[in-house]
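Written below as structure tokens is the structure these notes are about.
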Ligand code: AVJ
């Protein structure tokens, strides 16, 4: 069967090469860090999906319940003639609620995980025969442009899951400003934002009892072996995640269980026992604090929706 998905490959060899450099720069920094985007090979995307099913991980089901309850209202505010662009589309489940409410003519899914993106956009094309489906494999943490050939005049971006939380507030503002430039007046951004809350709920969400988040974090090391010629033993690191209240962020780390030297892409990197590799930050916001940040990037908040417990919110920001 011929696929109806129009695929735009924006992940060039040059970008792939600079991924190696980016990785090594972080491993050689003090303290050591890697960008969260390195989590998302196919296995990492699958593990992230499994995280979303864990009872402790409230963001996914809460955002879905907000979307379900507010779908008709969101359709009113966003309008029904948008070209819907999903950033970090992953398994693209939440988008179904929006597609059904908005019935847009055209959809573009953007993700860094190529095979995963293709599978999920193919499923959308199959399930919504009336929809023009595009897929762009791209790293949207870098400057990007919408691919050619999207029908429709009014792009509306959907950035769910609080992925914005992976940026520092300064980076988030710069990212939003870049997005603002890609969304002409009349366009907008529908964005999911995880909210500041009690530490216990946050800590549990990133330390699920089944160990899926730990597996997700440790998969980074497996991926380094698979794709970045790493020589290391994943079992010589442990998962650590905690809420840093001062900075309103969850931090995820991989902590070395011993003094050791690992090799990555031909270079040696030394760890002391207890030294950590900071693999992710996930910033939490207040509803108005986030709107203010988006305001600095040029957006005006038109509407927002939250759940009864105030765990998560979705905001519609006009360009
Ligand atoms: C995809 C960035 C929203 O920060 O909650 C989940 C990723 N990391 N568990 C998050 C994640 C560990 C997730 N985001």
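The values are calculated or read from the model by the stated rules, or taken from the named source; none is laboratory data. If you're wondering where the values come from, they're calculated on a predicted model, not measured in any experiment. So basically every Cβ, Gly included, is an ideal-geometry build from the backbone, and we count neighbours across all protein chains shown.
Residues that are under 13 Å from residue 190 (Cα atoms) and away from the ligand (no atom under 16 Å from the Cβ) do occur in region 101-110. Would you say residue 95 is within 14 Å of the ligand (Cβ to nearest atom) and either at pLDDT 95 or above or not in a loop (DSSP other than H, G, I, E, B) (or both)? Against the criterion (within 14 Å of the ligand (Cβ to nearest atom) and either at pLDDT 95 or above or not in a loop (DSSP other than H, G, I, E, B) (or both)), residue 95 does not qualify. Residue 162: at pLDDT 95 or above, farther than 22 Å from residue 19 by Cβ and within 16 Å of the ligand (Cβ to nearest atom), yes or no? It is true that residue 162 is at pLDDT 95 or above, farther than 22 Å from residue 19 by Cβ and within 16 Å of the ligand (Cβ to nearest atom). Region 237-285 holds strands (runs of 3 or more DSSP E) entirely within its bounds, and those carrying 3 or more residues that are in contact (Cβ under 8 Å) with a residue 40 or more places away in the chain and in contact with a helix residue (DSSP H, G or I) (Cβ under 7 Å, 6 or more places away or on another chain) map to 276-283. For region 25-64, filtering for residues that are away from the ligand (no atom under 15 Å from the Cβ), assigned to a helix (DSSP H, G or I) and touching a strand residue (DSSP E or B) at 6+ places or on another chain (Cβ under 9 Å) leaves 2. For residue 302, are the conditions met, namely being part of a strand (DSSP E or B) and touching a helix residue (DSSP H, G or I) at 6+ places or on another chain (Cβ under 7 Å)? Considered against the rule, which asks whether it is part of a strand (DSSP E or B) and touching a helix residue (DSSP H, G or I) at 6+ places or on another chain (Cβ under 7 Å), residue 302 comes out as yes. The selection criterion, being farther than 18 Å from residue 187 by Cβ and assigned to a loop (DSSP other than H, G, I, E, B), holds for residue 129.
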